[in-house]
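As structure tokens, the structure follows; a few thoughts come after it.
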Amino acid sequence: MPRRDLVTYPKKVSYRKHTGMVAWLLHRITGVIIGLYLIFHILAKSGVAGWFTSLTANPVARILVLVLFAYHAFNGFRIVLIDFSSGAEEGMFSKQFMVVIFLTVIVSVLGAIPIFS
């Protein structure tokens, strides 16, 4: 005999996609990529992974690393602000995420100028 609480549970379960989920997912992805970058950077400096040095000499790869670091840093600061604020409004999170994206773009553009010149 089936349980009654499982029978009444809605069949269709879906997540509500919002900017907080996107920010969380991007933060996790950039964190993993930065961790891998640091491991390969250490291996390249020790002479084990010489291919990584030639890969990161590419200006596009250098800008990609800059974008990843900038987003991860600004979003980490946003997370700290959220943790220390009390009673933050739901609409405030999407505004903070847009500020993170804006600052990431500004830092990436300003950081790309010396790379390409």
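The values are calculated or read from the model by the stated rules, or taken from the named source; none is laboratory data. Since the structure is predicted, the reported quantities are computational estimates derived from the model, not experimental observations. SASA here: full protein model, heavy atoms, side chains in, ligands and nucleic acids out. Shrake-Rupley method; radii C 1.70, N 1.55, O 1.52, S 1.80 Å.
Taking the residues in region 51-91 that are of a type in the set (Phe, Trp, Tyr) and open to solvent by less than 40 Å² (accessible area, probe 1.4 Å) as candidates, determine which candidate is nearest to Arg28 (Cα to Cα). Taking the candidates together, the pick is Tyr71. Looking at region 47-65, can you tell me whether even one residue there is of a type in the set (Ser, Thr, Tyr) and either assigned to a loop (DSSP other than H, G, I, E, B) or modelled with pLDDT of 90 or more (or both)? No. The one condition from (1) at pLDDT 95 or above; (2) open to solvent by less than 80 Å² (accessible area, probe 1.4 Å) that Arg28 does not meet is (2).
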